[in-house]
Structure formats: structure tokens, C-alpha cells
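Asks: My questions will all concern the structure given below.
The values are calculated or read from the model by the stated rules, or taken from the named source; none is laboratory data. Worth saying up front: this structure is predicted, and the values here are computed from it rather than measured. Quick reminder, even Gly has a Cβ in these numbers, built from the backbone with ideal geometry, and neighbours come from all protein chains shown.
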Amino acid sequence: MGSTSAKRGSSANTAIPHGSQSFLTSVNAYFDKAAVLTGHPKGLLDQIRVCNSVYYMQFPVRIKGEIQVVEAWRAEHSHHKLPTKGGIRYAETVDQDEVQALAALMTYKCAVVDVPFGGGKGGIRINPKNYSVDELERITRRYTVELIKKNFIGPSIDVPAPDYGTGPREMAWIADTYQAMSNGDINALGCVTGKPVGQGGVRGRTAATGRGLFFAVREAVNDAKLMKKLKMSTGFADKRIIVQGFGNVGYHAAKFLAEGGATVIGIIEWDGAVVNPKGIDIEALHKHRQQKGSITGFAGAKTIKDGNSVLEYECDILVPAALENQIYKENAPKIKAKIIAEGANGPVTAAAEDILNKKGILVMPDMYVNAGGVVVSYFEWLKNLSHVRFGRMDKRFEEGTNTRLVNTIEQLTGKSLTAADRTFIARGADEEDLVNSGLEDTMISSYNTIMEHYYGNAKVKDMRTAAFVSSIDKIAQSYLSLGIFP
Ligand code: GLU
């Protein structure tokens, strides 16, 4: 997911995914492993597992005076809750298998973090780096029109968002196209999330996936029982971290983890990696990349040409935050991390996970770890439907109440607070505070629910299965209470 043109498409490894297992096969293998533990009837599990609808389209776009036929997809995996929700990816590797796998993951992800949406995903098979901004706008708008024609987009139908190779700019084009064609629908802006703040976006959305990842990992490293099992100490102080991908997710994850007290010792990108056992200055690296277009050659670390070899370096927590199928059967035996936190969707294949589990490595699953993006997308959608900025009605009132409380305490105690403390205590919450607090609360409560399954069911041996069981139970419950129509 790229939030600016400089970041767009810059996450690690755009090559064809490694390993022999298709992404959808891997997601379904994970599902099946957990499904047998739930006790739900086979027919119901089949309905939860299948992809409800896929729209494959080919449309013409005029590129440099020539007509180019563009291939694209939108998959709606599950309609047990509406709208369906999930990003749109621009990459040359996009195909139906990938879009369906990603849509399925969105269904499970939304359920695990209690976001009331079904799962969806879209993709356009292009390399965005090969097109000018004008051309990308034409492709994006034409894709949106195709979705509108087939009823595959709308605030109550299917709501896209950014994914690999897209960002707020593309989301603004989608919103504008939808609005222009929606004949005065007052809720039209809710047709897509991840928009720029000035175009109906919500503050905190860009950093949300990385911030959510930080909360997820923080819960794990503060879980004394889990750390004991992994023979690790609690807290971030002694944790060495390697991040694959320095796009929107990887950059923000690295930034928040470093701010939280961990040492980020390696960052991997598609054209090389940088390592420094003493820790990398994330902001300085970000600046370097903005200036040079690459993380390589950064003065504050050593450049390693074969970037992905760094996945196998000694560290405590490995954060694959680029693309799927990065840790596969062949390289899994060489991974030395103690925890893998999946920032990307599907970075560890099912075959690799079996190997990692045997080695005692904890894999924290994508459907929980990277759910921060869709959680805050949900907040953005709510904002669009309510037509008011979070905090607008109560910030000032809260400030007044807090100030009166502080005044009363000062009068009663005869002591006065410093000006800084007074401002801090009295301050009312603004939109970003509320978004971040809603995100934090969601990540903490979802962690606790997943771990109830992890610790509470002897047949659940890994965290992904625990998350899947939690998710399948919620979706099954939803289908059972809905009934089958007609
Ligand atoms: N593309 C992101 C994901 O995979 C965000 C989806 C959304 O916000 O709808 O979770």
C-alpha cells in the first residue's frame, strides 16, 4: 500500500511469488485446518469458504495514442455482512487466484476484529511504474465505471480501499467517479475508503496498518505466558526486529516499533536491504529513500545486495510487510526469528508454516496483525455516513468539563498543576485521538479473543488456527441467525 507517489509500488519484491503453493490453496489450507476444529456442519463451512462472486473484466484505455486492453478483477468473497470490503491492488502479478485469496482473507480479517463487513478485493494487472499519472487516472476511472455498471461498488454494496500499488490518490479518483455517476446519493463518499483527508478521508488511516501491527506485537511481547513459552523476556527493550518492505505498512510498522523501544536492525526492499545491529534510524532512512529513490546506500547502515537473504538473519521479530509467499517451503527452515508478525497478506505459505511451527517459531497471522487498515477504514466509512468529523460535537465540551474538574481539584487541594499538565489533562479528544484509541482498543480485545482459543483449546496449536477458529465461529453464527434465502 503506498500513500504517496514516492512510496507507490516500492515494497519488496515485485517478482512472481516463490514456492509451488498457490496463494488461494494456502489460504484454503489454513481455513480447512481450523474448520475441522469448529464442529460446524460441512455445508455451512463450504459456504463460508467459497468465493460468492468474481467479476473479471477487460477494458480499453487510450495510452500514448494507442488502445491498450487492461485486465482487472473484483472478488466479493462473502455477503454475510454488507458492504463487502477490501483493497484494490495494482501489480503485474495480479490474477484471479490472488484476488480471490485476498478477498477470502478480508472476510476472515473483518470477522476477527469485529468489523461488520464481508470480504472483497480488487486488482488491476498493471505495473503502475510504467504509466504516467494521467494514464493511471484514466485506468482507475474506467475500472470504477466497470464496477458501477455491474453493481460491484457502493457504500452499501462493496467498498474498496488502498492495497499494494495504490493509495489515497487513486481512492480520490474512485470517489469522484462514483459521485459523478451516483445521481446525488448523499452517501456517495462512503463508496471507497483510504481517501485523502480533504476528500472525505479520516485522520490516521494512512498510518493505521503499521500502528495496528505495533499494537498487535506489543500485546504479544507483554504477554508473560506467551513470552515464557517462547523463552523470551517481556517488553520491547531487548527485541531486534527485521522488516521486509518499506512501503506504507513496513515504514509505519518500523517507525512505531522503534518508537516503542525495539531495535530495528534490518529493512529489506526489492532492490536490496540495509542492516545495522545497533539499530536503524527509521526517519533518516525514510528521508534517504525519498531523496535517492532507494533504501540502498544509506549511510546509517550496511547495504546487502541480496535483500531477501536478510529474512534469514538472526533476530527476535521478523515483520514481512511486502507481498504474499515470501516465506515458503524452501527458505522456512533457515528462518531464525522467534516471532513472525505478518504485515503483508499471506507472506507465509501454509507449507512454510508447518515447518516454522515445528521449529517453535510463533507466527502472528495477517488476518489479525494487519487488520488496522480495515479497522480504520470502517471508521472512515462511519464518518462518511454520519457526515461529521469525529470529535466535532464533543471536543470543546470535554475540554470545558475537564478544565472545571482540574479547577475544583486545585481549589480543594490548594495545589496547582503546571501549565503543561493542565493542558494535557484538560484537552478534548480530536479525530485522530479517537481513531487511534478505537484502533488500539480493537487490537487489544481481538488479541484477547484469539488467545482464549489459543490457550483454551488443546487442539489449537498455533495462533493462526486460533484466529481462524474465532473468525469462522463468528461468520457461522451470522449465517445461522440470517438463515438461507429463499
Ligand atoms: N488493503 C488493506 C487490507 O488488506 C485494507 C482494506 C480496507 O481498508 O478495506 O487489509
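Asks: Residues ARG389, ARG404: which one is under 24 Å from PRO168 (Cβ atoms) and surrounded by fewer than 18 Cβ atoms within 10 Å (Cβ to Cβ)?
Replies: Step by step, each of ARG389, ARG404 is checked, and only ARG389 is under 24 Å from PRO168 (Cβ atoms) and surrounded by fewer than 18 Cβ atoms within 10 Å (Cβ to Cβ).
Asks: With respect to ARG218, determine if the residue is over 24 Å from LEU323 (Cβ atoms) and within 22 Å of the chain's Cα centre (by Cα).
Replies: yes
Asks: Let me ask something else about it. Can you pull out the residues in the stretch 146-205 that are of a type in the set (Ser, Thr, Tyr) and out of contact with any helix residue (DSSP H, G or I) (no Cβ under 7 Å at 6 or more places or on another chain)?
Replies: Matches in the stretch 146-205: SER156, TYR164, THR166.
Asks: Restricting attention to the stretch 59-72, which residues are in a strand (DSSP E or B) and exposed (fewer than 10 other Cβ atoms within 10 Å of the Cβ)?
Replies: GLU66, ILE67, VAL69
Each row is one residue, and each column tells you yes or no for (1) outside any helix (DSSP H, G or I); (2) of a type in the set (S, T, N, Q).
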{"site": "ARG142", "(1), (2)": "no, no"}
{"site": "VAL159", "(1), (2)": "yes, no"}
{"site": "THR166", "(1), (2)": "yes, yes"}
{"site": "ILE174", "(1), (2)": "no, no"}
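Asks: How about the stretch 264-304: which of its residues are touching a residue at least 60 places away in the same chain (Cβ under 8 Å), within 13 Å of GLN244 (Cα to Cα) and not charged (D, E, K, R)?
Replies: Result: ILE268, TRP270.
Asks: If the requirement is being within 26 Å of ASP354 (Cβ to Cβ), out of contact with any His (no Cβ under 7 Å at 6 or more places or on another chain) and not hydrophobic (A, V, I, L, M, F, W, C), which of these qualifies: ASP430, ASP473, ASP441?
Replies: Answer to the check: ASP473.
Asks: Now for a separate question. In the stretch 361-477, which helices (runs of 4 or more DSSP H) lie fully inside it and hold 3 or more residues that are among the small types (Gly, Ala, Ser)?
Replies: 372-386, 419-426, 431-456
Asks: Identify, from the list VAL113, VAL70, the residue that is within 11 Å of the ligand (Cβ to nearest atom) and modelled with pLDDT of 95 or more.
Replies: Criteria check complete, one pass: VAL113.
Asks: Which of the residues that make up the stretch 117-144 are touching a helix residue (DSSP H, G or I) at 6+ places or on another chain (Cβ under 8 Å), of a type in the set (A, V, I, L, M) and closer than 22 Å to ILE157 by Cβ?
Replies: ILE124
Asks: When you scan the stretch 127-173, how many residues do you find that are among the hydrophobic types (A, V, I, L, M, F, W, C), within 14 Å of the ligand (Cβ to nearest atom) and either modelled with pLDDT under 95 or buried (at least 24 other Cβ atoms within 10 Å of the Cβ) (or both)?
Replies: 4
Asks: Let me ask something else. Is it the case that ILE327 is away from the ligand (no atom under 16 Å from the Cβ), aliphatic (A, V, I, L, M), without any contact (Cβ under 8 Å) to a residue 60 or more places away in the chain and within 30 Å of ASP32 (Cα to Cα)?
Replies: Yes.
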